Amino acid sequence: MNTITIATREDKEEILKLYKTMLYGPADWNEYYPNEDTIEFDISRDALFVMKDENGQLIAAISIDQDEDVDKLPCWNEALLPAGELSRLCVRKDMQCRGIGKEMMKYAFQILKKQGKKSVHILVKTGHEVALSAYSSLGFKQVGECVLFDKSFVCMEMSLITDSD
């Protein structure tokens, strides 16, 4: 049985290895990003979550990001603020296409709801069709485009407000 927990410093090396398996893919990660500093920043804020299998092997990771440049983008729906941003979703290559990414996202949604967030933001590298499709299937809507960090992104947003809220 897979379990999702908050990442610890003991997980840092394995998370970095996982990230490195995705370099130069459709998300356009490279040798500089994400890196040890990124992981350390996320862990210091209790904002990095990992999924491990029954043997304790790392399968996936996701971060609740904190980036003022993303927060200030004009495309976000002001009625859905405050919002959380998810970033660096990564699933081990041999475990992809099994719903693990969606499970990680849904877990993060629950964390954000507990934090009082009304919506979720995510930036998807322009042209990353697999991610765009996966996020759309979860209920995300494309609300704009932007250029940050010298890259083009599609801005996606999803409400966390339900009828019972």
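No value in this document is a laboratory result; all are computed from the given coordinates. None of the values given here were measured: they were computed from a predicted structure. Cβ: placed from backbone, ideal geometry, glycine included. Neighbour counts: every protein chain shown.
PRE reach from Lys125 (point 7 Å along Cα→Cβ): which of region 65-81 fall under 20 Å by backbone N? Flagged as within label range: 65-67, 70.
Strictly greater than 22 Å: what percent of every Cα pair in region 1-143 meets that? Provide the component values of the computation, followed by the final result.
On the way: 3707 of 10153 pairs.
Percentage above 22 Å: 37.
Between Asp42, Asp53, Asp65, the GNM of the chain built on Cα springs shorter than 10 angstrom shows Asp53 fluctuating the most. Taking the number of Cβ atoms within 10 Å of each Cβ as an exposure proxy, the fewest-first ranking of Ser119, Ser152 is Ser152, Ser119. Of the GluC sites (Glu not before Pro) found in region 75-165, not one falls in a DSSP loop while having at most 10 other beta-carbon atoms within 10 Å.
So what is the calculated 222 nm ellipticity per residue for the chain, using -39500 (n - 2.57) for each DSSP H run with n of 4 or more, over all residues, to the nearest 500 deg cm²/dmol?
On the way: 5 runs with 46 residues, N = 165.
Roughly -8000 deg cm²/dmol at 222 nm, from the helical runs in the chain.
For the residues Tyr107, Tyr19, Tyr135, a GNM of the chain with alpha-carbon springs under 10 Å puts the largest fluctuation on Tyr107. Given a cut-off of 22 Å, name the pairs among Lys52/Lys106; Lys93/Lys118; Lys20/Lys106; Lys102/Lys125; Lys118/Lys141 whose C-alpha atoms lie farther apart than that in the structure shown. Listed pairs above 22 Å: Lys93/Lys118; Lys20/Lys106.
Within the listed set Gly84, Gly101, Gly56, the residue fluctuating most in the Gaussian network model of the chain (springs between alpha-carbon atoms under 10 angstrom) is Gly56. Local charge for Asp53 was computed over the other residues whose Cβ lies under 14 Å away, with Lys and Arg +1 and Asp and Glu -1, and equals -2.
What is the local net charge at Glu85, summed over the other residues whose Cβ is closer than 14 Å to its Cβ (Lys, Arg +1; Asp, Glu -1)? Write out the running numbers ahead of the final one.
On the way: positive: Arg45, Lys72, Arg88, Lys117, Lys118; negative: Asp42, Asp65, Asp67, Glu68, Asp69, Asp71, Glu157.
Net of charged neighbours comes to -2.
So how much slack lies between Asp69 and Phe149, counting 0.36 nm per residue of separation and subtracting their Cα-Cα distance, in nm?
Values: separation 80, 0.36 × 80 = 28.80 nm, distance 0.98 nm.
Length gained between Asp69 and Phe149: 27.8 nm.
Projecting label points 7 angstrom from Cα along Cα→Cβ for Glu13 and Gln115 puts them 2.9 nm apart. Residues Cys97, Cys155, Cys146 in ascending order of nearby Cβ atoms (within 10 Å, fewest first): Cys97, Cys146, Cys155.
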